[in-house]
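The values are calculated or read from the model by the stated rules, or taken from the named source; none is laboratory data. Bear in mind the structure is a predicted one, so any value in this text is a computation, not a measurement. Cβ sites come from the backbone with ideal geometry, for glycine too, and all protein chains shown count toward neighbours.
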Amino acid sequence: MASLLMIAWTFFRIGLIFVGGGYVLIPLLNHIMVEQYHWLTLRQFLDGLALSQLTPGPLAILATFTGFRAGGFPGALVATICIFLPCITLMLIVGRNYDRLKKIDIIGSTLDGLLPAVVGLVAAAAWQLGVSSLSGLKDFLILAIGFAIFKWTKTTPMVVILGAGIIGFFIN
């Protein structure tokens, strides 16, 4: 079992770079949770990732799940608090000064430069998840159908995820 201090420090550091949404962190989370600390197996990580998509704040829920696996209920509580602490603090500061900050050219330029990197990180995360979890024709068919439904209809992600789960249950 991991110490609460280790869990706190790990998730606080992750929370510091939780910029651009959690999906850009999937490769980092996999490295830390599965490869570095062995708090989760790859299968548990993928299952936790899939389950977390059914909840608000998906990757933060993955932090709670991992904290629980690594340190029980106290670990879950510490991981959840520590992953949110940096962004809450930052939003309190930025929110209060947003109108003034958005007029500063260097901040706007910096954000414009971050966007392509974030898209690249999301693509890398998708690639890593695909390599780790797609193995047969059924998997690729569900991927293609889910992509098409989400891309070309107004169906919510929740319906696509639940539908894929139901298909997986019956086709398995």
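A quick yes/no check of all residues on (1) surrounded by 11 or more Cβ atoms within 10 Å (Cβ to Cβ); (2) farther than 30 Å from M33 by Cα:
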{"residue": "P86", "(1), (2)": "yes, no"}
{"residue": "M91", "(1), (2)": "yes, no"}
{"residue": "N97", "(1), (2)": "no, yes"}
{"residue": "D105", "(1), (2)": "no, yes"}
{"residue": "G113", "(1), (2)": "no, no"}
Q. Are there any pairs, at least 6 apart or on different chains, whose C-beta atoms fall under 6 Å, with the first in the stretch 85-105 and within 25 Å of R13 (Cβ to Cβ) and the second not in a helix (DSSP H, G or I), and if so, which?
A. C87/F18
Q: Keeping to the stretch 146-161, report how many residues are part of a helix (DSSP H, G or I) and either of a type outside the set (A, V, I, L, M) or without any contact (Cβ under 8 Å) to a residue 24 or more places away in the chain (or both).
A: 10
Q. Within the set of pairs 6+ apart or on separate chains, which have a first residue in the stretch 45-61 that is surrounded by fewer than 20 Cβ atoms within 10 Å (Cβ to Cβ), a second that is part of a loop (DSSP other than H, G, I, E, B) and modelled with pLDDT of 80 or more, and C-beta atoms under 8 Å apart?
A. none
(Q) Against the condition at negative phi and surrounded by 18 or more Cβ atoms within 10 Å (Cβ to Cβ), how does G71 come out, does it pass? (A) yes
Q.
I'd like the residue in the stretch 26-44 that is hydrophobic (A, V, I, L, M, F, W, C) and crowded, with 20+ Cβ neighbours inside 10 Å and, out of all such residues, is nearest to the chain's Cα centre (by Cα).
A. I26
Q: State which residue is surrounded by the fewest Cβ atoms within 10 Å (Cβ to Cβ) when the search covers only the stretch 146-172 and only residues that are of a type in the set (G, A, S) and under 16 Å from L51 (Cα atoms).
A: G168
(Q) Only one of A79, A117, A60 is modelled with pLDDT of 80 or more, among the aliphatic types (A, V, I, L, M) and either in contact with a Pro (Cβ under 8 Å, 6 or more places away or on another chain) or assigned to a helix (DSSP H, G or I) (or both). Can you tell me which? (A) A79
(Q) I'm checking my understanding of the structure. Among residues of the stretch 133-145 that are in a helix (DSSP H, G or I) and either more than 19 Å from the chain's Cα centre (by Cα) or at positive phi (or both), which one is surrounded by the most Cβ atoms within 10 Å (Cβ to Cβ)? (A) I142
